[in-house]
Amino acid sequence: MLRTILLGAPGAGKGTQATRIVEKYNIPHISTGDIFRDNIKRQTELGMRAQEYMNKGELVPDDLTIEIATTRLLEDDCKNGFLLDGFPRTVYQAEKLDEFLKEHGQKLDNVIDVEVEQEALIARLTGRRICKNCGATFHVINIPPKEEGICDNCGNTLIQRDDDSEETARNRLSVYAEQTMPLVDYYKGQGILVEIDGEGDPEKVFNDIAGAIGD
Ligand code: AP5
Ligand code: MG
Ligand code: ZN
């Protein structure tokens, strides 16, 4: 049983670490970014609305995002825990999440803040490649696939995310600094913030996370 949030700037490695964490703790991985991207792919109304903001590197409006996240948290597989990746991202979202959890007699075990320095973040975002079929994430330099442009898992083509151009990536980082960084103090104030150095090998980062949050 683990109820946790992965906090961290765009490119900090939330998705990369989430894959490992959900496997170890056997909990669902809930990424609001992934939910939006899935809706864009299926061209749903939600997808159309979210896309407008995502392509500019802006946040999708709070009310829409909170609705999506809390609806997902009501599903059965979240009864014994969850890993939230990329939600909440504003103090308002965090307050609404707290209200939701309280109403359902639940509380967060911890909030993992993965920290990486600014220029490394830009290099990670602009070099990221994702599989258009299974979503696996690679990096042209840091974590290259065995064969260039091809997914190691399923053999499909690797593509770049629409919001990973340098310009949009920089905007996402400034949006993060303005709107999401205040959550560090918010959760510090609740005494549940765990700070992790996100630089270095992904396995090392994962061992630090597992060591800090325990079994
Ligand atoms: P979202 O999909 O959440 O994107 P993000 O927060 O910008 O984070 P990323 O997915 O870009 O980075 P990550 O930390 O997962 O890094 P990754 O592991 O891939 O959100 C996208 C958009 O959706 C937002 O801009 C917004 O519009 C909207 N949205 C989503 N949630 C919202 C919310 N709550 N409210 C409002 N709007 C919302 O790694 C990055 C790269 O680095 C990869 O190439 C990877 O291979 C590499 N890498 C990872 N770890 C390492 C390592 N240790 N060393 C070297 N390279 C590494
Ligand atoms: Mg991600
Ligand atoms: Zn794949």
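The values are calculated or read from the model by the stated rules, or taken from the named source; none is laboratory data. The model shown is predicted, which means the values in this text are computed figures rather than measured ones. Backbone-built Cβ (ideal geometry, glycine too); neighbour counts: all protein chains shown. Note: areas computed on protein heavy atoms with side chains; ligands, DNA, RNA excluded. Shrake-Rupley method; radii C 1.70, N 1.55, O 1.52, S 1.80 Å.
Observations on the model:
- Value of relative contact order over the chain, rounded to a whole percent, pairs C-alpha under 8 Å and six or more apart: 29 percent
- Rolling a 1.4 Å probe over the protein chains gives residue 1 an accessible area of about 140 Å².
- Taking the helices alone, the chain has a mean residue ellipticity at 222 nm of -13500 deg cm²/dmol, built from -39,500 (n - 2.57) per DSSP H run of at least 4 residues and averaged over all its residues.
- For the pair residue 71 and residue 171, the difference between a 0.36 nm per residue extended length and the Cα-Cα distance amounts to 33.1 nm.
- In the structure shown, the pairs 14/102; 24/79; 56/188; 14/204 are assessed against 20 Å; a Cα-Cα span above that value is assigned to 14/102; 56/188.
- Separation of alpha-carbon centers, region 1-47 and region 55-82, rounded to whole Å: 10 Å
- Using R0 = 45 Å, the C-beta based FRET efficiency linking residue 178 and residue 38 works out to 0.95.
- The residues of region 65-153 present an accessible area of 53 Å² per residue when probed at 1.4 Å with all protein chains retained.
- Exposed-loop-free span, longest in the chain, where trypsin sites (Lys or Arg not before Pro) count as exposed if DSSP calls them loop and at most 14 other C-beta atoms lie within 10 Å: 147-215
- Portion, in percent, of the accessible area of the chain that falls on carbon or sulfur, probe 1.4 Å: 46 percent
- Solution diffusion estimate, µm²/s, Stokes-Einstein, the chain, Kirkwood Rh from C-alpha pairs, 37 °C, viscosity 0.692 mPa s: 186 µm²/s
- For region 116-215: span of alpha carbons on each principal axis (Å, largest first): 45, 36, 22
- With the gyration tensor restricted to C-alpha atoms of region 1-126, the semi-axes of the equivalent ellipsoid amount to 22, 19, 14 Å, longest first.
- The calculated FRET efficiency for the pair residue 204 and residue 26, based on their C-beta separation and a Förster distance of 22 Å, comes to about 0.45.
- Rounded to 5, the percent of DSSP beta bridges in the chain classed as antiparallel: 30 percent
- Counting only protein heavy atoms and a 1.4 Å probe, region 162-203 has 54 square angstrom of accessible area per residue.
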